[in-house]
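What follows is one structure encoded as structure tokens, with my remarks underneath.
The values are calculated or read from the model by the stated rules, or taken from the named source; none is laboratory data. Since this is a predicted model, take the numbers as computed values, not measurements. Here the Cβ positions follow ideal geometry from the backbone for every residue, glycine too, while neighbour counts run over all protein chains shown.
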Amino acid sequence: MIKRITALTAMGALAVGLSVTTHADSQPLFKQGGELLVQTSLYTRHYSNDPDHHEKQRLINLEWTFAEKDNINIQRPAGSDWRDEIRWLVGGATFKNSFNQQSTYLYAGGRYDYFENDTTRAYAKLTAGLLHGYRGEYRDKIPFNRFGVAPAILPAFGVEHHRVNFEMIPFGTAGVMFNIGYVFR
């Protein structure tokens with residue numbers, strides 16, 4: 001009986017968590033049509049052969065892309081263009097950085113789907129956020145990390161086929177990471 005009540009309480013808490021609403025208009029924060037991307041690192045390669053570099057990132061990334069109707073479309077004087085088709089996203093990742101230290105990246109950004117058919121999408125993405133985790137002797141390996149948290153901007157290029165996602169992320173002048181994931185709609 002206690003296990004059943006605990007399970008029901010957990011399910012209720014999950015339901016409450018998934019139906020977060022905004023105070024201003026009482027509309028759901030995450031509307032139908034959004035997408036949740038769950039990713040992990042597949043392969044990482046640094047451009048230099050530094051013996052301190054760690055190639056296994058053990059990344060876990062969760063990213064929410066808002067529904068297309070949630071996007072803010074600003075009409076330009078000349079009419080609409082490709083910038084009106086950018087889909088906004090937020091996300092967070094935990095991973096081992098280049099020096100095997102547990103790190104976190106919290107970000108927001110936009111994604112532009114430049115090819116799409118019934119089964120496949122190709123896109124370019126740009127995210128910006130805060131990176132935490134470069135400590136000790138490696139603190140200065142990323143710019144502006146004076147207080148342990150640094151700004152970061154990461155581009156990405158991806159392909160999604162039948163909800164399976166492959167993504168390439170160059171990280172500055174240090175290297176490139178390839179991720180694999182799954183898209184929940």
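Where in the range 19-101 are there strands (runs of 3 or more DSSP E), lying fully within it, with 1 or more residues that are modelled with pLDDT under 85 and loosely packed, with under 12 Cβ neighbours inside 10 Å?
Where strands (runs of 3 or more DSSP E) fall fully within the range 19-101, none carries at least 1 residues being modelled with pLDDT under 85 and loosely packed, with under 12 Cβ neighbours inside 10 Å.
Which of the residues that make up the range 150-174 are at pLDDT 95 or above, over 23 Å from residue 116 (Cα atoms) and of a type in the set (Val, Ile, Thr)?
153
From the set of residues in the range 102-150 that are among the small types (Gly, Ala, Ser) and not in a strand (DSSP E or B), which is nearest to the chain's Cα centre (by Cα)?
133
From the residues in the range 126-185 that are surrounded by fewer than 19 Cβ atoms within 10 Å (Cβ to Cβ) and of a type in the set (D, E, K, R), which one is farthest from residue 46 (Cα to Cα)?
Out of the qualifying residues, it is 185.
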